Amino acid sequence: MAESKKMTLTTKVLIGMGLGIAVGLFINLLGLNGEGSLINEYVVNGFFHIAGKMFVTALKMLVVPLVFFSLITGVLGIGDVNSLGKVGAKSFALYMLTTAIAIALAIAIAVVSGIGEGVNMTSTAVFTAKEAPALSAVFIDIIPSNIVNAMALGKMLQIIFFSILVGISILMVGKKAEPAVKLIEIGNEIMMKMVNIVMAVAPYAVFALLAKAISNLGLGLLADLAGYVMVLIFALLVHLFVTLMTVLKVFSGMSPSIFLKKMRETQIFAFSTSSSNATIPVTLRAVTDRLGVNNSVASFTVPFGATINMDGTAIMQGVATVFIANVYGVDLGITGYLTVILMSVLASIGTAGVPGVGLIMLSMVFAQVGLPVEGIGLILGVDRILDMVRTAVNVSGDAVVSVIVAKSEGKLDTSIFNNPDAGKLTDDDLDIDDAVEHDIADMVKKTHDKV
Ligand code: ASP
C-alpha cells in the first residue's frame, strides 16, 4: 500500500496508457467491437467513451480560466512590460521557424522515400473540406468584440489579447489595483490546484481514451497505408528527437534527455486527447513546475503555442502532400513544395489545436497547390491515430520554445529544470490539511455570525 502511495503520476499514467493500448488491441483483434455487440455498446462506446469524454471535458473546463488568471499574473510578474514584446516576438519567430523546418524535413523524407509512387488507390472515404479562416480574418479576429463570447467559445488568441491588456491596465492603475493583483494571483493558484485534481484521475482516463481509440481503429487500414503511416511516424520521431532536441540544446544549452523525461506525461496527455488546446493545463504545469520556466513567460508561450505552433501537424501535411501528389501522379516541382511550406506555416496560425484540425489545414494547402482535395479521403481512415502522435509532437514543440525563450530572458530556473523530482505529482499533493480545513470553516462561521 505504502508503495502505491509513492508511485508518481507519470508512472501511473504510463501504466494506464499501456493497459489501454493492450485492452484496445485485444478488443480490436478479437473483433469484439462489432456493431451492436455488447462490448461495443456498454464497454467501448459506454464506459470507455463516457470516462474519456468526461476527462477531456474537465481539461477543457480548466483552459479558459487558467489562461486568463495565469497570463495576467504573468504580465504582472514580468517586472518590465517591454520584455513582454520581446517574449512575444521571440516565441512567434521560433514557432514559425520550427514549423517551417518541420514541414521541409517532412517533404524531404517523403520525397526520398518515394511514398505513393506507383500506388493505384481509390478513395475509401469521402472528405468534405470545412471552411478554413482567411488569414486577414485571423488577424482581425485577435481582438474580441465581446470577451464573454470569446471565453465562451474558447477563442484563445482573443483571450490572450484581453488578458495581456488587463495585466497592463492593472499596472497602469498602480497601487490602487493591489486588491486586484491579489485576487488574480490567488485565482491563478486555485486554478493550478484544480489542474492537480483533474490530473489525479488521468491514469484511468488515459486508459479509457486509449482503449476506446485503439479498439475502434481500423488496423487493417493501417496495413494498407503502411508506407504513408511509417514515413509519417518516422518524420515525426526525427523531428522530435533530432530537430527539436538540437534546437533546444543549441539555443538554451539545456539537457534534451531531462526535457524528454519531464515532458513524457504531457506527451501522453496530448496523445490520448489529440488536442493541444485541451492539454494546455498539463503543458503549463509541466513547463513551469517541472522545467522551471517562469510563469511570466510560460503563461504566454504555452497557450500561444497551442494555437499557432503545430510542428507535428505540419509534418503530416508535408508527408500527405507528397503521398497524394505521387498517387495522383502530379509533379509539384520545387515551387509547389515551397508553396506547401509557406501555406502550412500560415495555416497553422489561424487554426487552433483541436482534434482533426490538421485535415482542414491540409485542404487549404491542397487547394493552393492544385492537388485534388478529395485525395484527403485516402488518408482519412488512419488520421485518427496519426492525430494522436502528431499532437504529442505539437506540445513538445511548444515546451521547447518556452524553455528557449525563458532562458534567453533570464526567466528559466535551471535548478528546477535539472532537479529530477521537481514538480512531480504524488497522492500527497492532493491532501487537504485538516488544520486549514478547520480554520476556514471557523472563518466562514465567524463571518456568518457577524452578518
Ligand atoms: N490535433 C492537433 C492538435 O491539437 C491538430 C491536428 O493536427 O489536427 O495539436
### Summary
The simple spin-label model distance between LEU183 and VAL250, using points 7 Å out along Cα→Cβ, in nm, is 4.7 nm
### Task
Before anything else, pin down the relative contact order of segment 297-451: Cα pairs under 8 Å, at least 6 apart, normalised by residue count, whole percent.
33 percent
### Summary
Applied in sequence order to segment 395-412, the curve 6.51 cos²θ - 1.76 cosθ + 1.60 (Karplus, θ = phi - 60°) yields integer Hz couplings, x standing for Gly and Pro, of 6, 5, x, 4, 6, 4, 5, 4, 5, 5, 4, 4, 4, 5, 9, x, 10, 10
### Query
Each residue of segment 362-377 in turn: what ³J(HN,Hα) in whole Hz from Karplus with 6.51, -1.76, 1.60 and θ = phi - 60°, glycine and Pro shown as x?
4, 5, 5, 4, 4, 4, 5, 9, x, 8, x, 5, 4, x, 4, x
### Task
Report the calculated FRET efficiency for PHE47 and VAL112 (r = Cβ-Cβ distance, R0 = 60 Å), to the nearest 0.05.
0.85
### Task
Note the angle between two axes, namely the Cα long axis of helix 81-113 and the longest principal axis of the Cα atoms of the chain, as a number of degrees from 0 to 90, rounded to the nearest 10.
20 degrees
### Estimated 222 nm signal from helices in the chain, with DSSP H stretches of n ≥ 4 weighted -39500 (n - 2.57), rounded to 500
-24000 deg cm²/dmol
### Task
Apply 1/(1 + (r/R0)^6) to the Cβ-Cβ distance of MET194 and ASP80, taking R0 = 25 Å, and write down the FRET efficiency to the nearest 0.05.
0.25
### Message
Under the rule a/c < 1.5 gives rounded, and otherwise a/b versus b/c splits prolate from oblate, where does segment 52-96 land using the Cα gyration tensor?
### Response
oblate
### Message
Per 0.36 nm of contour for each residue apart, how much would the distance between THR57 and ASP421 grow if the chain were fully extended, relative to their Cα-Cα spacing?
### Response
128.1 nm
#### Entry: Cα-centred dipole magnitude for the chain, charges only on beta-carbon of K, R (+1) and D, E (-1), debye, nearest 20
560 debye
### Task
Report the calculated FRET efficiency for LEU19 and SER408 (r = Cβ-Cβ distance, R0 = 56 Å), to the nearest 0.05.
0.85
### Query
Which is the longest run of the chain containing none of the GluC sites (Glu not before Pro) found in DSSP loop states (not H, G, I, E, B) with at most 14 other C-beta atoms within 10 Å?
132-451
### Query
Can you give the convex hull volume of the alpha carbon atoms of segment 150-202 per residue, in Å³?
88 Å³
### Query
Roughly how many Å is it from the Cα centre of segment 42-116 to that of segment 268-322, as a whole number?
3 Å
### Reach of LYS212 by Cα under 30 Å, taken over lysines that are not fewer than 8 positions away in the same chain
LYS5, LYS6, LYS12, LYS53, LYS60, LYS130, LYS155, LYS193, LYS261, LYS262, LYS424
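Here, each number is a calculation from the coordinates, and none is a lab measurement. Just so it is clear, the structure is predicted and the values come from calculations on it, not from any experiment. Glycine also receives a Cβ, built like all others from the backbone with ideal geometry; neighbour counts cover every protein chain displayed.
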